[in-house]
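Chemist: The structure follows.
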């Protein structure tokens, strides 16, 4: 795919909202409520993409969750095959959406089933036109241009501790991982950003999201866990290119920030701010 | 205790060598061999302090290991009670030492049995006079002025994820943790340095050591694993003082370095260097 869809004159992008998985799914859950508020609250129309999940009722469950929160309309688009990802009725549903929600499951299902289809083009286009896009777990992983497809647990990186694949391309400044503290994933995020240290690594704990602003210049942390930011911009030395499978790596001059509820991060200046 | 014992005119300190545990214990193990070389190789007299261990043969095993490496003399001082830590024959043995080796076990056994005794005063004094002191696992943990006594695994810090106790005070610029990658201890090291962000946190993997130079201005990494350095000197915000037990913490503007064999770190300038 390619960088975020261009914005037309007079339009503003929607928020991009990756969630670390296992978000609180009640009408008092901070992440889903903030998403619904952005989408218009009781006027909001939410379209759910449950493709990542192999469970048949994932979409229906999110319809119930969003209905309980109090949106005007929540519908789920069943897409289990690439042939379903061009259905005209689905594209029409998406055109009515104020917000799009991508569920958890497997991010490789998302990329293999949706990649290059009319539905994924539509999601990118609608986000550029102001529709907010949230995704949890696999739905968060798919959002960046470069997606973490899999990897090994552990907080120290090794040369083969992560595998990457092209993602949906809603952001290209950030590389996103999820279930981050719970599944001990710092090592694979460090490996991923050290392959090409221009991106900022963002590790999302469960029940924790970042709300990336429409101008893509900053994000804010919402939820009960932490967001770990690893920034390799000042990286002075990396042994990644010489390392083999289990070698201990050297990575000198990384920056790290641990952010919780209310913290903000300026993506352009690469600078964190405490809660106001 | 207090900062490192002062050095008299014309003398130079010995190296301080914390090891992350499970070092290779053969005559080709890089860490123990480098220690023996510093101590004089086949002329070296090594005194072993097995107090951390509750196993009766730990001292004898290290006598065998150092003998196999080829030192002139290796003796182990059995000290299981505070009353044994003032024995004149032990102090005389220490006076003959070129190197002192503190085994693994429990660092609280080391601090409670040796703290404030003539043996611990002697170790501090001898190190200031040029005797090299190495310690593995608990023997590494005891070395700094502030010792990590225990804590919870996980790479994210929480307010109660670490407990500190006074250590032997052979270095006061560094806070040391061990079995670091293997036991997932980044969180407790981050918690420890965020209590009072003047120290540099050093997490030692197994079979990996730092050799702190006699002038205490730098260290070099030796061994098969990684050394994780977390430096809070630029910390711009910490929520540690307001956080309760399981709260997600915020720590903004940490520096992190992952160092492997041959990397050096300038403690005064707080700057890492790649292998030469």
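Computed from the coordinates by the stated procedures, all read-outs in this text should not be read as laboratory data. Predicted model only: the values in this text are computed from it and were never measured. Positions of Cβ are generated from backbone atoms using ideal geometry, with glycine treated the same way; all protein chains shown enter the neighbour counts.
Chemist: Measure nothing fancy, just the Cα-based angle from helix A:186-195's long axis to the longest principal axis of chain A, in degrees from 0 to 90, nearest 10.
Modeler: Taking the Cα atoms of chain A, the angle to A:186-195 is about 80 degrees.
Chemist: Continuing with the same structure: To the nearest µm²/s, what D does Stokes-Einstein give for region A:10-158 at 37 °C and 0.692 mPa s, using the Kirkwood radius over alpha carbon pairs as Rh?
Modeler: 213 µm²/s
Chemist: I would also like to ask the following. Against the longest principal axis of chain B, how steep is helix B:30-39, in degrees 0 to 90 to the nearest 10, with axes from Cα atoms?
Modeler: Value to nearest ten degrees: 50.
Chemist: With contacts defined as alpha carbon pairs under 8 Å and 6 or more residues apart, what's the relative contact order of region B:182-239 in percent?
Modeler: About 35 percent, as a whole number.
Chemist: Can you pull the mean other chain C-beta count within 10 Å for peptide A:154-160?
Modeler: Values: counts 4, 12, 13, 2, 2, 0, 0.
Taking all residues of A:154-160 together, the mean is 5.
Chemist: Could you bin all the Cα-Cα distances of the protein assembly as shown into 20 Å bins starting at 0 and give me the percent of pairs in each, rounded to whole numbers?
Modeler: Bin by bin from 0 Å, the calculated values are 22, 44, 24, 10, 0.
Chemist: What do the square roots of 5 times the Cα gyration tensor eigenvalues come to for region B:153-257, in whole Å, largest first, as semi-axes of the equivalent ellipsoid?
Modeler: Semi-axes (√(5λ), whole Å): 23, 15, 12.
Chemist: Would you kindly state how much longer the chain becomes between residue A:78 and residue A:42 on full extension, computed as 0.36 nm times their sequence separation minus their alpha carbon distance, in nm to one decimal?
Modeler: Details: separation 36, 0.36 × 36 = 12.96 nm, distance 2.40 nm.
That pair, residue A:78 and residue A:42, stretches by 10.6 nm at full extension.
Chemist: Something else now. Normalised by the residues of chain A, what does the relative contact order come to in percent, with Cα pairs under 8 Å and at least six apart?
Modeler: Relative contact order, chain A: 20 percent.
Chemist: Per residue, what volume in Å³ does the convex hull of the Cα atoms of region B:159-211 enclose?
Modeler: Details: hull volume 4.3 nm³, N = 53.
Taking the convex hull of the Cα positions in region B:159-211, it is 82 Å³ per residue.
Chemist: Moving on to the next point. In nm, one decimal, shortest first: how far is the label point of residue A:88 (7 Å from Cα along Cα to beta carbon) from the matching points in the other copies?
Modeler: From this label point to the equivalent ones elsewhere in the assembly: 10.5 nm.
Chemist: Which whole-angstrom value gives the distance between the alpha carbon centres of region B:100-135 and region A:108-130?
Modeler: 63 Å
Chemist: Considering only DSSP beta bridges where both residues belong to chain A, give the percentage that are antiparallel (nearest 5).
Modeler: Rounded to the nearest five, the antiparallel share is 60 percent.
Chemist: Ok, one more. Using only the alpha carbons of chain B, what is the convex hull's orientation-averaged projected area in square nanometres?
Modeler: Averaging across all directions leaves 13.9 nm² for the Cα convex hull.
Chemist: Using the 7 Å Cα-to-Cβ label point, sort the distances from residue B:7 to its equivalents in the other copies shortest first and give them in nm to one decimal.
Modeler: Once sorted, the set of distances for residue B:7 reads 5.9 nm.
Chemist: Another question, then. How far, in degrees from 0 to 90, does helix A:118-128 lean away from the longest principal axis of the Cα atoms of chain A, to the nearest 10?
Modeler: With rounding to tens, the tilt is 80 degrees.
Chemist: Would you compute, from DSSP H runs of 4+ residues alone, the mean residue ellipticity of the protein assembly as shown at 222 nm, taking -39500 (n - 2.57) per run and dividing by the full residue count, rounded to the nearest 500?
Modeler: Value at 222 nm, helices only, nearest 500: -6500 deg cm²/dmol.
Chemist: How many percent of DSSP beta bridges within the protein assembly as shown run antiparallel, rounded to 5?
Modeler: 60 percent
Chemist: Can I ask one more? Take every Cα pair under 8 Å in region B:84-132 that's 6+ residues apart, average their separations, divide by the length, and report that relative contact order as a whole percent.
Modeler: The normalised contact order for region B:84-132 reaches 59 percent.
Chemist: What does region B:74-208 give for Rg and for Dmax, in Å, if only its C-alpha atoms count?
Modeler: Cα only, region B:74-208: 15.2, 47 Å (Rg, Dmax).
Chemist: What are the label-to-label distances in nm, one decimal and shortest first, from residue B:234 to the same spot in the other copies, with labels 7 Å along Cα to Cβ?
Modeler: Inter-copy label distances (nm, one decimal, shortest first): 0.2.
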